[in-house]
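S.K.: Submitted below is the structure of interest, expressed as structure tokens.
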Amino acid sequence: MTQHDSTAHDINPQDPVRVTDDAEMVKKVHDVIDGMDIAMVTTRDSSSPEGRLTSRPLSTQRAEEDGDVLFLTRRSSAFVRDLTTDPNVNVAYASRSAWVSLAGTGVVVEDRDLVAQLWSKGADMFMEGGPENPDNVVVRVSGDTAELWGGETMIGTAVSMVKAMTGNKDDDEGATVVELP
């Protein structure tokens with residue numbers, strides 16, 4: 001397992017933060033991500049001299065158990081240009097009961113069989129030429145860490161948020177940074 005610096009996460013030092021590589025927490029991250037479709041994927045804008053951050057919504061085609069996520073996209077897209085300049089990405093998911101910030105690296109996968117396997121009617125709406133089009137590729141984001149908030153029921157998450165806003169949070173509440181395999 002790769003060691004990661006948990007101090008790199010932008011967390012208030014007074015917030016309780018758990019850092020773990022526990023298999024159950026890795027599974028929880030997977031389950032939360034697997035239950036969400038749209039992610040906001042952030043890269044460094046390769047056309048920006050100052051390297052500004054830019055985010056775009058992408059539909060997750062597959063969430064793998066080790067924290068990797070796969071997206072269909074066009075090789076000619078700004079997203080792929082950004083990744084070839086700087087492969088570091090952040091993938092953010094949000095629902096009514098959980099939030100995940102997945103930090104990792106992205107790589108373009110040139111596998112026609114994988115493109116065909118992941119292809120859907122939704123892909124047809126946004127991408128031209130079907131899975132045979134060589135411009136349609138897969139991007140695999142290999143997660144290093146996932147910062148997880150919530151993940152329980154919507155009511156439990158709401159109670160935790162109210163406690164945090166009123167300063168009455170328990171010591172075991174807060175973000176969990178999960179080191180991914």
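Please treat every number below as a calculation from the coordinates, not as lab data. All values derive from a computational prediction rather than experimental measurement.
S.K.: Let a ≥ b ≥ c be the square roots of the eigenvalues of the Cα gyration tensor of the range 99-155; is it rounded (a/c under 1.5), or, if not, prolate (a/b larger than b/c) or oblate?
M.R.: Taking the square roots of the gyration eigenvalues as a ≥ b ≥ c, the range 99-155 is oblate.
S.K.: Is the shape of the range 72-133 best called rounded, prolate or oblate, per the rule: a/c under 1.5 gives rounded, else a/b larger than b/c gives prolate, else oblate, with a ≥ b ≥ c the square roots of the Cα gyration tensor eigenvalues?
M.R.: Oblate, since a/c reaches 1.5 and b/c is not below a/b.
S.K.: According to the square roots a ≥ b ≥ c of the eigenvalues of the Cα gyration tensor, what is the shape class of the range 29-130, taking rounded for a/c under 1.5, prolate for a/b larger than b/c otherwise, and oblate for the remainder?
M.R.: Oblate, because a/c is 1.5 or more while a/b does not exceed b/c.
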